[in-house]
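Report on the structure given below.
The values are calculated or read from the model by the stated rules, or taken from the named source; none is laboratory data. The structure presented is a predicted model; accordingly, all values stated were derived computationally and were not measured. Quick reminder, even Gly has a Cβ in these numbers, built from the backbone with ideal geometry, and neighbours come from all protein chains shown.
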């Protein structure tokens, strides 16, 4: 089938993007709308003694200046973060509910304190600078290292400790370490990342007084979840709020959360009676977006005399920033820990992580959200362990890899890996990378004054967690097919992939299918994150398609006057038909849909329109081998990536072109973190030292290698489609593969990310 699954169909949505017809939040305009600018704290930690907005209120074009008192008077409630993660003592994470605007104190530079609503953006900006805020500055906690003994940020949270979390078998693990022939350990830093999506965060609030309801237009990763959170903060029933997200210019986890600005513009619209528009500038994005990573971890391994794993122990700390965001406690604990140990047999495991507040921007999900961290810790430990045991890096992996005949394999956490062939993909990955010829390539690099390194990583990811997701298939009067989903594309190509799945299932023309997303009034789904969209929304669309077929058989029997004969459905040469068994009479799906829309057959007033809710039974586990080669300049420490090869198992691949694009993007984001990206705060003041592109490095095309991508299709056994999520996998494998190559090149056990020229040069000098 030309446009069915397994085909590299070009993204249908790209036509509107490249021709300038995409519709992002900033493309939407409403009559009589206002402009919003937030006055933000210049201090990382301070008490708010007073706010004098008199000059700002009198400024030209200013409609209103609002503080938290005004928002609370209008019904605003604090943002409460709920998480399933529990501490060792059974308690939930400690934290203070965040308000739409700062109340009493600020906890990071860039926190919104007041908002100006004006006729023009320039007037709003000018007025925001006129607001006089009297701060009493307090000692700041500018780093994760300083958090346990630093100034107390929240009175309710002693020692700034939000959560003391542990899992696994501590005593059994300790016993294994005690009897081990070899032990290895490595201390690692997960450097903080500023997401820097192409489209900055934005929000337009519209209040309808007549209906006493709100509409929020905001680029996000799931309108349904956002609606529930905001409605709770407004103190209104969810059906009084509609959340609309049209095209979204990148999310990467950062836009999965709920932000104060999204609630504030709704209240502003209610107070002023006019639509309220806000869009972040790039400085605001650096300061107030949720950041990623920021963890300190020690990974330890116990091995027998042959290099086989006896036990693992991961301990560490994680930074939460100035307040508790939605996913923050989940990321360093349950999100990543479930796959601590990777694709290896691990008889015993214990992990202990403490989460702390600091006077920095809040942390939330970032591409992979815990799984890149887990793979990085495990694969760096395996490299270090190989040296400790005295065997090759590849060999120690081979001795510990879970074999196909051991699947399904239940790891230490209870996660069941259902499918894969890790030893074969490792071997094939090494062959594709010509490991046998590396020694000669290293000699050639040495002759040019370069150090060459070979890096390897084998990762496993966990995606599409169990849960539910609704979807709807409906038909237009002229036979067009509309797919309504509750996940949200941020550039992944959902519109194309979903259309391929349904086109193949129902045998309708690919070109006749339209995907509708991003409106909580259509489908109230769970949004996009954790590479769940294809499996969850795809599963729901398959279920809804099954309902179409079921209805269609009954309806077609009446329309074609089958006289009690069976009506069957089949797809022949890409065309789906209902036909009377044993006869030539048949109707296509679209012909039947149009007939039912026109004739309103009793019992089929809604025609073939159908909906379904997919209930996920299990996660999927994409996995693969990343091989990276680098050259390091001996004089400068500059690292060049000269080769990058990926061999992945994504199960059944729906659209190879889309998958390749996702892998390329994921690898580049991972390499960005590993090579150059690093968000730094002043340890004493909490001031952001990398708050612009002048100080925060981002990868360019010239910094990145050609990425050789290939895949094996080993279908998962837990989903009808057999597909495994691919959206974050590139990042998961890239971090350890690159750093493995750098360490191999310069001859050190470990080097923390990012591998900047200065850091690499200093490591070479120390190793000399």
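Numbers below:
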| read-out | value |
| --- | --- |
| Enumeration of residues in segment 381-396 that are crowded, with 24+ Cβ neighbours inside 10 Å and touching a strand residue (DSSP E or B) at 6+ places or on another chain (Cβ under 7 Å) | 381, 385 |
| Only listed residue being more than 26 Å from the chain's Cα centre (by Cα), more than 29 Å from residue 530 (Cα to Cα), surrounded by fewer than 24 Cβ atoms within 10 Å (Cβ to Cβ) and in contact (Cβ under 8 Å) with a residue 60 or more places away in the chain, chosen from 268, 180 | 180 |
| Top-ranked residue in segment 262-278 [being touching a helix residue (DSSP H, G or I) at 6+ places or on another chain (Cβ under 6 Å) and assigned to a strand (DSSP E or B); ranked as nearest to residue 689 (Cα to Cα)] | 278 |
| Lone unmet requirement of (1) in contact with a helix residue (DSSP H, G or I) (Cβ under 9 Å, 6 or more places away or on another chain); (2) in a helix (DSSP H, G or I); (3) assigned by TED's automatic domain parsing to the domain that holds residue 660 for residue 545 | (3) |
| Residues within segment 358-372 that are part of a loop (DSSP other than H, G, I, E, B) and either over 15 Å from residue 461 (Cβ atoms) or without any contact (Cβ under 8 Å) to a residue 40 or more places away in the chain (or both), tallied | 6 |
| Criterion: outside any loop (DSSP other than H, G, I, E, B) and either out of contact with any strand residue (DSSP E or B) (no Cβ under 9 Å at 6 or more places or on another chain) or closer than 12 Å to residue 41 by Cα (or both) - qualifying residue of 117, 133 | 133 |
| Residue satisfying condition, being modelled with pLDDT of 95 or more and more than 30 Å from residue 738 (Cα to Cα), within set 572, 548 | 548 |
| Counted residues, segment 301-316 - those being part of a strand (DSSP E or B) and either modelled with pLDDT under 95 or buried (at least 20 other Cβ atoms within 10 Å of the Cβ) (or both) | 10 |
| Residue list for segment 410-439, filter: surrounded by 18 or more Cβ atoms within 10 Å (Cβ to Cβ) and free of Cβ contacts under 8 Å to residues at least 12 places away in the same chain | none |
| Residue in segment 733-750 that is modelled with pLDDT under 95, crowded, with 20+ Cβ neighbours inside 10 Å and either under 27 Å from residue 358 (Cα atoms) or touching a strand residue (DSSP E or B) at 6+ places or on another chain (Cβ under 8 Å) (or both) present | no |
| Which listed residue is at pLDDT below 95, surrounded by fewer than 23 Cβ atoms within 10 Å (Cβ to Cβ) and out of contact with any helix residue (DSSP H, G or I) (no Cβ under 6 Å at 6 or more places or on another chain), from 132, 156, 145, 161 | 156 |
| Positions within segment 433-469 being assigned to a helix (DSSP H, G or I) and under 30 Å from residue 725 (Cβ atoms), in sequence order | 435 |
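Residue by residue, here is whether (1) buried (at least 21 other Cβ atoms within 10 Å of the Cβ); (2) touching a helix residue (DSSP H, G or I) at 6+ places or on another chain (Cβ under 6 Å); (3) modelled with pLDDT under 95; (4) in the same structural domain as residue 334 (by TED's automatic domain parsing) holds:
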residue	(1), (2), (3), (4)
20	no, no, yes, no
34	yes, no, no, no
72	no, no, no, no
93	yes, no, yes, no
